[in-house]
Structure formats: structure tokens, C-alpha cells
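Here's the structure, in C-alpha cells; my notes come after.
The values are calculated or read from the model by the stated rules, or taken from the named source; none is laboratory data. On a predicted model such as this, the values are computed, not experimentally measured, just so you know. Cβ placement follows ideal geometry from the backbone for every residue including glycine, while neighbour counts extend to all protein chains displayed. The protein model used for the area step is the full one, side chains on, heavy atoms only, and it has no ligands, DNA or RNA in it. Shrake-Rupley method; radii C 1.70, N 1.55, O 1.52, S 1.80 Å.
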Amino acid sequence: MSDKNKPSAIEGIKIASDGLRGTIQESLKDEITGAIRDDDQAVIKFHGMYMQDDRDRREERAEKKLERLYSYMIRLRLPGGFLAPEKWIAMNDVANEHSTRVIKITTRQTVQLHGIVKSHVKPTISSFNEGNLDSIATCGDINRNVTCASHPKQSAIHAEVFGYADKISQLLMPKTKAYYEIWLDEEKIVDKKEEEDPLYLDKYLPRKFKIGIAIPPNNDSDVFTNDLGLVAIIENNKLLGFNVAVGGGLSTTHGNAETYARLATVIGFACTENILKVVYEVVTTQRDFGNRSDRKLARLKYTVDRMGVDNFKAEVEKRCGFKLEETKPYTFTTRSDYYGWHKGENGLWYYTVFVENGRVLDDEKIALKTALLEIAKTGKSNFLFTATQNVIIADVKEEDKAAIQSLLEEFKITEHTEGASLIKKNSIACVALPTCPLALAEAQRYMPTLLSKIEPLLTRYGLGNEEIVIRMTGCPNGCGRPYAAEIGFVGTAPGHYNLHIGGDNQGERLNKLYKEALDESAILSTLEGLFAVFKNERNKEERFGDFVMRRQLV
Amino acid sequence: MLGDSKLKTLLDLINTSTKEELVWINGYLNGVVQGKVSSSTETASAAVTAPIPAVNKITIVYGTETGNSKRLATEFAMKAKQNKIVAKVVGMDQYKLADLAKEEYLLAVVSTHGEGEPPIAAKKFYDHIHNNGFRLEKLKYSVLALGDTSYPLFCKTGEDVDEQLNKLGGERIAPIQKCDIEYEEEANSWFSTVLKQLIVSKTEPKVVTVPPGVPVPAKKTGKQVYEGIVTTQVNLNDRGSNKTTWHIELAAENLQYQCGDSIGIVPENDSQMVTDIIQVTNADGNKSVEFKKEKATVYELLKRKVNIVYLTERLVQQYATITGHTIPAGRADLLDLVKKYPVKNVTQFEEILVGLNGMSPRLYTIASSPAAHEGEVHIVVAKDVYQVDGKKRFGLCSDFLGQFKTGKKQQFFIQPNKRFKLPAEDKDVIMVGPGTGIAAFRSFLAERDATGASGKNWLFFGEQHFTSDFLYQTEIQQWHDTGVLTKISLAFSRDQQEKIYVQNKMLEQGEELYNWLKGGASFFVCGKKDPMSNDVEKTLLSIIEKYGNKSPEGAKEFLEELEESGRYEKDVY
Ligand code: SRM
Ligand SMILES: Cc1cc2nc3c(=O)[nH]c(=O)nc-3n(C[C@H](O)[C@H](O)[C@H](O)COP(=O)(O)OP(=O)(O)OC[C@H]3O[C@@H](n4cnc5c(N)ncnc54)[C@H](O)[C@@H]3O)c2cc1C
Ligand SMILES: Cc1cc2nc3c(=O)[nH]c(=O)nc-3n(C[C@H](O)[C@H](O)[C@H](O)COP(=O)(O)O)c2cc1C
Ligand code: SF4
């Protein structure tokens, strides 16, 4: 617990970084190590990358007198998770040439490439650049990738709403040219005025900042888990504006009572003309009022609760120079992706592919990566990532549908998608081991095994057709949003998980801690017990999460 | 007091002597009076400073692999000149073989390498004198053989040369002198004897007739054999590497060595191969036979004492003669021979067996430092992989070491390397050691770290891949962080399109490197002789040329000076 006023170390690094340059250039030249200097590890995050090491290999490498197997993870900036086919091809090629070859779809609708060694980082970014892709500000104390409802069929003006993800992303981009200077060898700018940044100044935000947009009735973007959530309000096919929700954030820290998960509070409505201003001022308010001494308490959720929702709202309105309107009514009924073929209001078709834990690769089961590449090569579709780590083959013209369909069949994608169980289709697992330095337990490597052991339990109680949202993370940071699930597993130690239950299906109620540090057999027996009562005592149509709450099991 | 004749001789001597000689004679006589002086080598070597040699022109040829023979040949030539003898020094590879017939006085300094084979540079000369197509009527000669008693065929090449020259009609002016690795003393006394012969005031120097084969025995530098215990054995290369390089630690009682030395290890043959040979030949593994005056069972011999892989051409032909088969020239494994050209009976096999070469030790540069790793020697061993008609095969000793488990007992001896030594603690050092060449420099750096030496250290290291092949990376990083390692230059050849090697890195930093040399730094190279050490030397010369703006010759001289002052040393293989 650091003292109230003393800024945290990261604050110093940001200010000293000379516009996010730090000593990255020098770090890249240190040929004796695959790592970069300590301060630069904080700075590169703003450029969309993380220094990591393969945790599976630590002991073995140490014995061989080799340093840790350092590599870099790069996260792309894809507002709303949209990717044109040629960009897919570019990304696929970069993955093959510089990374582990696995394309990892994240819970914020973008892509991460892992295992890029130091000497390959610059080539990776320049190849991205050639494919009109970048990773600017996808990490760091800054606005992250803006998420948006993925499913075109939800509304005719999906495209219009979608446009806001892009607008907001642009609005909140840092002004520094460091990214281009360091990674793309562009001219050093002489007059630093060129990159003066009235929004971020030289200190950026106290912490990461996340914005999501949802289009009722589907909350697939889990809008209330964001620092700033926008709920699109549409009346007879016209976008009026957005309900504004502030202070969402999930992370907690084991044993730190001051930390908690929180869903965003709706504070009002802003019309399309005003929404960007509101977004901007919410960010400046967090910039000026956020906690800069304790990073564990620096997210907007703590600022909002410290100031009080009303004061926070007042401050934002003051800065906007106008008041927020009455919150407009809306209802969410689901958070699930619509798998398979669907037709958007715009008359274009799209197919949602099931991607287990967002890992796109060719394995013994299916050649998913090749399939998607082949589809991209036809140029007959765009791609959209969902916040549930799946991919949508989008904007397919009626006349091209057959061609895409035959590829989907040829590569058994249809079989794979239809074949997946309902719980698998609604589940999320974070990356965790071996790359995530914060992981306490496995997640994406273990979730499939666990689910295939839970499936028979459900069938045993005739619950095979229940859409139960199950999510797992390797630590309490909540990257897989486990606290906003009907069943959440939060890693505490290798092979051990806290069991959270009672969240609702559509993401408007958090779950609660039910049992601590369970191993697999304990997890299975506990769940079996719960399913048994659920089977016998549920109301008609009642969801598992709602049942748990009604019966006050937690 | 003296009779006329004696007085005359004395006066003659005095009149014909230089001042220095008189001073010496004075001291010598003094010694004689006090009965101090024995007829030891010093007297001899001293006596050689007598005037007017009978012979005033000699040729000294040398055959060298690692430079010792050359160094001696050059020293001798200088001594000869002091004695007014014109001495031509020439390497056996440079020597015009046609001149041999014209030679009158020839001194040969030659070492033995491989398994009793001549140094590559001596091969031409060696083969020439072995095809007895000619006579050497005028030739008076003597041979100095360099060798190492830890090898079964001690000074074999020297012996062969001595014998052959004699066969061809040459006359020995002094018996062959064989030297162990501590060769200086014996080498000098040999040369003194030779000089004596050349100077004897007779028109015809008397020829010593020593029956061949009874040469002056070498003073064995008793090499202590240590009983080592393997405490660590780890492959330093990470998964996915093309290489396998073992770091091996051996602990032993009261170890004594210095940085720059090597250890010698005698490998054992593959048990399967041994049992196959016994089985194919129906030999009795337990039968005891005599080999080099030692008794041992047939199995024991095959397993530990004799070399059975890649037999020399000579041995293959010997096998042919004994078994009566005709076998094409070339080397071969014993197992292949006994399969392809069966022995008539067990006695025949035993005859072949005891005729085989003893197992040669393999040397490994010590990678540890007495100051930093007390009671241990560390070595770093590259698994030697080669192809024989498409089949992958592994080097005998490196594979043997690769199979070590901790706790295994293994004998070894220390092979000193007098010249490859750290300079004074305040002197700077440049170290070029790619691959297993890192051994010597891990030793140097650990030593300088442990002793707090103040000199600067610059390491050049190279391998294939940064991620999997950076030998001792974490230790090197430590030395870099603590400042022991002033500068490091790395070359990973296969991490980019174009190949990058240590010599490329040297060139990049040519100016600074030259400045270090000018500033008195010593330059060490360790590792593969070919191509590495040759490329490094070429590059070094071009750097000296460029930044010291010298002619090619000038650069050569500069490097030779470094070499003579012990500031350019190689431990290459
Ligand atoms: C890839 C991803 C999980 C996935 O499997 O998809 C992910 C992966 C990581 N997250 Fe996350 N987070 C991801 C979504 C989330 C979410 C969910 C969301 O935003 O919808 C959360 C919870 C919501 C929230 O922010 O409260 C989340 C909360 C965190 C936190 C806790 C932040 C906090 O407030 O304390 C950390 C740790 C930190 O920032 O100190 C973190 C840190 C990390 C790091 C970068 C670990 C680190 O800091 O070194 C993980 C990289 C692992 C790896 O090897 O790839 N990640 N992270 C998600 C990438 C999203 C994106 O594309 O930007
Ligand atoms: C002073 C000195 C220091 C050294 N330091 C080191 C060191 O630090 N680290 C290190 O790894 N090495 C070092 N060496 C080399 C080491 O001594 C050995 O030469 C090396 O390990 C190979 O020996 P081996 O028994 O494994 O291979 P061997 O069995 O001796 O084979 C060596 C080569 O002979 C040929 N050969 C053998 N058998 C056959 C066959 N049947 N058919 C065809 N060709 C064949 C192959 O080309 C093979 O590569 C050093 C050598 C010297 C002289
Ligand atoms: C790989 C190797 C093999 C050797 N084999 C023999 C040998 O078979 N018999 C021997 O007497 N000496 C052998 N020696 C020892 C050398 O003859 C000895 O080191 C000598 O001083 C080298 O002289 P040079 O530098 O002129 O070549 C061998 C040395 C090495 C490095
Ligand atoms: S939840 Fe924890 S373990 Fe999982 S990716 Fe995020 S930080 Fe890593």
C-alpha cells in the first residue's frame, strides 16, 4: 500500500519517456540479451506490445545457463474487431513469419501474436504497417481497443454504430510519433510541438482505459465491464445516441479487500452530436481525478466510487458544457454469438465460426487457420472478431454464399461449429500459461478438458441444452471476464480455482464467490451437486445464474 | 709451468677468442678447478661457443602443426649464426624436395600428430622420403622429434623420418632426440650435441654410429593422472538447436592446473561394437593377452586399450598381410574388417589385436579457473557428428563424454599449455572464442573475476543461433553487468539472411581493436583451427594493415612481433 500522494514508479517512467520513446532504441541494440531494459518494458506497452517469457521453459533454460526465453506479444488495434480480407492475409503471413503462428483472438475483439523474439519485433511491425495494420495504444495507460457489438443482423444501422468505435478510437489516439520513429524508421520530429497532446499531456492516464459499445438486445460486447460503456439507442432504424455507463472493471487482487469487480453505472443519455464530447470528458475527468499513487486502485471504477456517481457525473457535465439527458430504456436478453449463417438487415450474409478460446491454428482436429486464409483469399468477405473470442465471416453477397459455404464444408468448419457443445460456445478462457507472467493457474490450455468433463454432468441432469455462460481465468485480473459469468473459475494456484456463481446470462449482474481453491475433482462434484438441485428446483425457463441467486446459494 | 705445446695451444685459443669467449673460458676453467662442472649439457652447450666451425652451412627443416617445431628451428638457426654457421630454416611444406639429394647437413625438427601421423605440413616431405626411389649419399643429418608421451605412438613421425633418412644413405651426426611436451631442455641439449659435431676441428665431422631404435630416451614429463568424478553434465544447447554441446564438471583431489591448460581423456570404445567383434571372430573375451608389456583380457583391450575405429591405412594393410586378404588402400573400422575379411582363426585375430594402436587421449581446453572453481575442472565438449557413406556417426570421445552421468568416475590428466596464459593482471585481453572456443575464455574471465584483475577484457563469441546456442549466456551476462567483461561482440551466423561470423564483428570494430593492440592488449584465439582461426588471422592482419596503415608485410611483422612477445596466442584444433 503506497502512500496517497507519492506517484507510482510508472508515472515517473511515463513522464521521463520523452513521448513514449524511452531507451527502446538502445534496448533493441543490446545483443547480449533477448530482454529490454526495465523502464522500456513499461513504455513498449503503449506501442501495443508486452515483453514475456515462456514460463514452461524457465528451469530447463536456467540449467543450460541460458537466460529466460524472452519474446514479445503484439496486440493489434482493430476498433470493433473489423478486418478486411487483405488485412487478414497480411496478419496471417506475419504470424507465420515472426510469431508462434497461432492467431489469438482476444476478449476485446482483436488479435495477439505471441513469441516474437526481439530481433523480429521491428520487422513484424513494419510488415503490419505494409498491411495497414498497427498496434498503437492497444496496451498501456491509455484508451484500449474499442469494442463494439459484432453481429450485423442486430440492426440496419449496425454499420453506423460501428463507425463510432472507429471515431472514438481516433479521438483518443496519442499524438506522439514515437511509434513511427522507433518501429518504422521515420524521421525524428524536430519540433516537439507537432506532437503536443492536450488529452494525455505527458502523463497519460492513471491506468488502462476501456470503452465498449453494445446494441440491445445482445450484450455480446459485455458493455458494462468497460470503464466506459455505451448502449446504442435506436428508434425505428435511426440511431438517436447512447446511454452512457461509467466505472466498469473486473479485476480484483487475491487478499486485497480494497479491490473489487464492478459493473458500469448508467448515468444518462447523450445524442449522436454530443456523444464524442462526453466520451472525451469522461476520459479527461479520469485523467485528472484518477489515483496515480496506487495502481491497484487507479481504474475509473475506483475514481467514480471515490467521487460518488453524482459528483462524477456533474464534473463530466461541467467539462462538456451541457447536461446528460435521461437514460433511455433498453433491454438485453442475451450475450451469445449467433453461430452459423445469418442475414444482416443490409441483405448481406455472415457466418459465425466457433473458435475454441480464440486460438486460430491448424491442429489435428481442424485446419481452421488455413480455412480462414483460403476464405480471405477469395476476397468475398470481411472478418469480424467477437468479444467471445470467435470470428465472423461477414458481408458475404448472396451470390458468393455458396462459394464460402463450400470452403466451410471442405475444411469441416461447419461440422466443427455445429458440433461444439452449447457451454463451449458460450465459454471464454484467458491466455494464462505459458506466456502470461501473471498467471497463477492454467486457463486456455485447460478449459477444453474441464468443459468436456462438465458436459456429461449436464447431460446426466438433462441440462444439455442450457446456454450456461462459463468463463475461466488463470488469475483474478479477469481477462476472460469470469466475474460476469454464470459460472466463473478464477485461478489461485496450479490446478486450483475459486468457483464463482450467480451471474446472469446477459451480463447485467456479477457473480459471487461460492467456493475457494477447488481442484478438478472438487469442481466437478460441487457442480454436480448444483446441477442436481437446479434440475429439480428451477422455475420454467429459469437460467442457472438466476436460479442460484433466487435460491441465495451465494 | 706449461710445456711449449700446451702453452701454444692455450695462446692459439686466446688469440682466436672473442672477449666474451675469454670471459667464459675464464669462468669455465675456474669451475673446472673447483671441480664444480660436470660433463653436463650446460658444459656442452657452453662449449659450443668455440670458434671457426668446420661446417659453415646447414639446413634446418621443420614439420609443425601447432608451431613448436618451427619455434625451435628458428631458435637453433639463430644459435648457429652466433657460431658463424649459415643456417637455412625452411618448413617441410616449403622445402624443395629436389634439393634433398644435394643436402650435406640437414637437421629435421618434426612433431607427431593425430594417431602417430605427421603434421599436415610435413606430409609431402614424409611421403617423399618414404618412396625409396633415391639415395642420399652426401647427407649428414639428425632428427629432433617432438611428441607427447601420453600418446601411444610417441614421436612416431620423428622416428620414421630418422629411420628413413638413414635407409636412404644418410648418416646421423647425432642420435635422434625425442621430446615430451616439456621439450625445451632436451631440445637444447640435442642442438648442443649437434653443434659440437659440426664444430669439431676436423675436416670431416665424425659420425656417431648409433644402431637405429636405440635413440636417447625422452625424459618423460611424468603426467599425473587424476581420478575425477563427474559432478555435472548438461547439454548447453536449447531445444531446436543443430548442435549438442556438453558442459561437464569433474571434481578431483588436489588438482593442479592453470587457465589455458587442457585436460586429456582416453575414451572407451562402444561396448556393442566390442562384443560384435568378439562374436564375429569367435575370440575369447576373457583370455588374457600381452599388449605393450601389459597383460589384459581381450575384452579389456578392445574396450579400453586399443583404437578400433577408423584404423590407419598402415594398420589396414597390416591386417591384410596377416589375414592374407587383399584390401583396398584406405582407413576402416576393425568391425567392418573382421566382417568383410574374416580372420582364419583366433590366433590370427590376437596377432592383429596386439598390433593395433593404443587408444589416443583427446584433449579438451579447460573451461574453469582454479581461483573460481577450486577442486574442479570444467570442459565444454561439442558432439562430433560426421557421415560415413550416408550414415550418421559420432566422434568416439565426444560421444563417450556425452553419455556421462553424474557420479561417474573418469580418469584424466592435465595437458599444460605454457604459452596460452593470461598476461599480467593489469594488461588488456582480447578473446576470440566461437563455439567450444569459449572454454579458454570462460576460464580466463572466471579467473580475472575471482582475482579482481584490473585489465580490460573484450570477448568475441559466435554460434549459429542466439536463442539456442549462446553458450554460458547467463554467466557472460553476469560478467558484463559487473564490468569484468568490458566489451562483448556477438556473431550468430544463422539468425539473419547473410552469415555473420566473429571475424565480421572484428572488422566492424577494426579501429578499436587495433587501438587495444597498440595499447598493449594480448590477442587470444581458441576453437576450431579451420576455417575459424585462419579467417580470424586474415582479418586481424587486414585490420592491422588498415588502421596501422602498414603494408601487408608490415602487418605480418607486427603480428609476428606480437607472437614473439606472447601477445598473440592460439589454442586451436
Ligand atoms: C488477451 C487477453 C485475454 C484473452 O485471452 O483474450 C488479456 C491478456 C492479458 N491481460 Fe488482460 N487481457 C484481455 C482482456 C482483459 C479484460 C476483459 C475485457 O477488457 O473485456 C480484463 C478485465 C476487464 C478490466 O480491465 O477490468 C483484463 C484485465 C487485465 C488486468 C487487470 C487490470 C486491472 O484493472 O487491474 C491486467 C493486469 C494489469 O493491467 O495490471 C491484465 C493484463 C493482461 C496481460 C497483458 C498480462 C500482463 O499484464 O503482462 C495478459 C497477456 C497474456 C498473454 O500472454 O497474452 N488484464 N484484461 C485480453 C486482451 C484484450 C484486448 O484485446 O485488449
Ligand atoms: C589442444 C586441443 C584442445 C581441444 N579443446 C576442445 C574443446 O574444448 N572442446 C571440444 O569439443 N573439442 C576440443 N578439442 C577437440 C577434441 O580433442 C576432439 O578432437 C574432438 O572431441 C573429437 O574427438 P572424438 O573422439 O569425439 O572424434 P573422433 O572419433 O576422434 O573423430 C574425429 C574425426 O575423425 C573422423 N573419423 C573418425 N572416425 C571415422 C570413420 N570411421 N570414418 C570416417 N571418418 C572418421 C571424422 O572426421 C571425425 O569428425 C581439442 C583438441 C585439441 C588438440
Ligand atoms: C591432436 C593431437 C594429437 C597428437 N598425437 C600425438 C601422437 O600420436 N604422438 C606423439 O608423440 N605426440 C602427439 N601429439 C603431441 C604433439 O606432437 C606435441 O604437442 C608437439 O609439441 C607439437 O609440436 P608442433 O607444435 O610442432 O606440432 C599430439 C598432439 C595433438 C594436439
Ligand atoms: S486473467 Fe490473469 S492469467 Fe489470464 S491472461 Fe489475464 S492476467 Fe493473465
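Some values worked out for this structure:
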{"item": "Longest site-free stretch - chain B; sites: GluC sites (Glu not before Pro), DSSP loop, at most 13 other Cβ within 10 Å", "result": "B:254-373"}
{"item": "For chain A, Kirkwood radius (reciprocal of mean inverse C-alpha pair distance, Å)", "result": "24.1 Å"}
{"item": "For segment B:422-486 and segment B:61-106, distance of Cα centres in Å", "result": "39 Å"}
{"item": "Charge context of A:ASN218, other residues only, Cβ under 13 angstrom, K/R +1, D/E -1", "result": "-3"}
{"item": "Global form of segment A:160-276, assessed from the alpha-carbon gyration tensor, a/c cut-off 1.5", "result": "oblate"}
{"item": "Cut-off 15 Å between beta-carbons: net charge of the residues surrounding B:VAL484, Lys and Arg +1, Asp and Glu -1", "result": "-2"}
{"item": "Segment B:357-487: equivalent-ellipsoid semi-axes (sqrt of 5 x gyration tensor eigenvalues, Cα, Å)", "result": "29, 19, 14"}
{"item": "Segment A:499-554, accessible area per residue, ligands and nucleic acids excluded (1.4 Å, Å²)", "result": "48 Å²"}
{"item": "Whole-number accessible area per residue in Å² for chain B, which is evaluated in the context of all protein chains at 1.4 Å", "result": "48 Å²"}
{"item": "Charge dipole (debye, nearest 20) of chain A; +1 at Cβ of Lys and Arg, -1 at Cβ of Asp and Glu", "result": "1080 debye"}
{"item": "Using θ = phi - 60° and Karplus 6.51 cos²θ - 1.76 cosθ + 1.60, couplings along segment B:136-151 (whole Hz; Gly, Pro as x)", "result": "10, 5, 7, 5, 10, 8, 8, 10, 10, 9, 9, x, 8, 5, 7, 9"}
{"item": "Links that overshoot a 18 Å alpha carbon limit, given the list A:LYS29/A:LYS122; B:LYS243/B:LYS409; A:LYS208/A:LYS301", "result": "B:LYS243/B:LYS409"}
{"item": "Surface per residue (accessible, 1.4 Å probe) for segment A:341-398, Å²", "result": "35 Å²"}
{"item": "Long-range HN-HN contacts of A:GLY268 with modeled amide H, under 5 Å", "result": "A:VAL244"}
{"item": "Magnitude of the charge dipole, the protein assembly as shown, Cβ model with Lys/Arg +1 and Asp/Glu -1, debye to 20", "result": "820 debye"}
{"item": "For segment A:442-545: Kirkwood Rh in Å [reciprocal of mean 1/r, alpha carbons]", "result": "13.7 Å"}
{"item": "Complex-versus-alone comparison for segment A:10-31, residues with a loss of 10 Å² or more in accessible area, probe 1.4 Å", "result": "A:GLU31"}
{"item": "Eligible aspartates and glutamates near B:LYS292 by straight Cα distance, threshold 14 Å, same-chain separation 8 or greater", "result": "B:GLU300, B:GLU350, B:GLU351"}
{"item": "Percent carbon-and-sulfur accessible area, the protein assembly as shown, ignoring ligands, DNA and RNA, probe 1.4 Å", "result": "52 percent"}
{"item": "Rg/Rh (Cα only; Kirkwood hydrodynamic radius) as it applies to the protein assembly as shown", "result": "1.14"}
{"item": "Backbone HN-Hα couplings from phi across segment B:458-466 [Karplus 6.51/-1.76/1.60, Hz, Gly and Pro as x]", "result": "10, 10, 9, 10, x, 7, 7, 10, 4"}
{"item": "Karplus (6.51, -1.76, 1.60) ³J(HN,Hα), θ = phi - 60°, over segment B:116-133, in Hz, Gly and Pro reported as x", "result": "x, 9, x, x, 3, 5, 9, 4, 4, 4, 4, 5, 3, 6, 8, 8, 4, x"}
{"item": "Cα-based shape type of chain B, given that a ≥ b ≥ c are square roots of the gyration tensor eigenvalues and the cut on a/c is 1.5", "result": "oblate"}
{"item": "Threshold 10 Å² - residues in segment B:450-468 whose accessible area is reduced by that much or more when the chain is no longer isolated, probe 1.4 Å", "result": "B:PHE466, B:THR467"}
{"item": "Share, in percent, of DSSP beta bridges within the protein assembly as shown that are antiparallel, nearest 5", "result": "60 percent"}
{"item": "Antiparallel bridges, percent of DSSP beta bridges restricted to chain B (to nearest 5)", "result": "45 percent"}
{"item": "Structure-based [θ]222 nm, chain A - -39500 (n - 2.57) summed over DSSP H runs of at least 4, per residue, nearest 500", "result": "-9500 deg cm²/dmol"}
{"item": "Overall form of segment A:2-99 per C-alpha gyration tensor (a/c, 1.5; a/b vs b/c)", "result": "oblate"}
{"item": "Where GluC sites (Glu not before Pro) fall in DSSP loop in segment A:167-227, at most 15 other Cβ within 10 Å", "result": "A:GLU186, A:GLU187, A:GLU196"}
{"item": "Sparse-neighbourhood loop sites, GluC sites (Glu not before Pro) in segment A:449-541 - DSSP loop, at most 12 other Cβ within 10 angstrom", "result": "A:GLU541"}
{"item": "A/B buried area, accessible surface, summed, 1.4 Å probe, Å²", "result": "1600 Å²"}
{"item": "Size of electric dipole in segment A:224-366: Cβ of Lys, Arg +1 and of Asp, Glu -1, about Cα centre, debye, nearest 20", "result": "360 debye"}
{"item": "Positive-end extreme of charge dipole, chain A - chosen from A:ALA367, A:LEU407, A:ALA432 (charges on Cβ)", "result": "A:ALA432"}
{"item": "Partnerless Cys - chain A, beta-carbon criterion under 4.7 Å", "result": "A:CYS139, A:CYS148, A:CYS271, A:CYS320, A:CYS436, A:CYS475"}
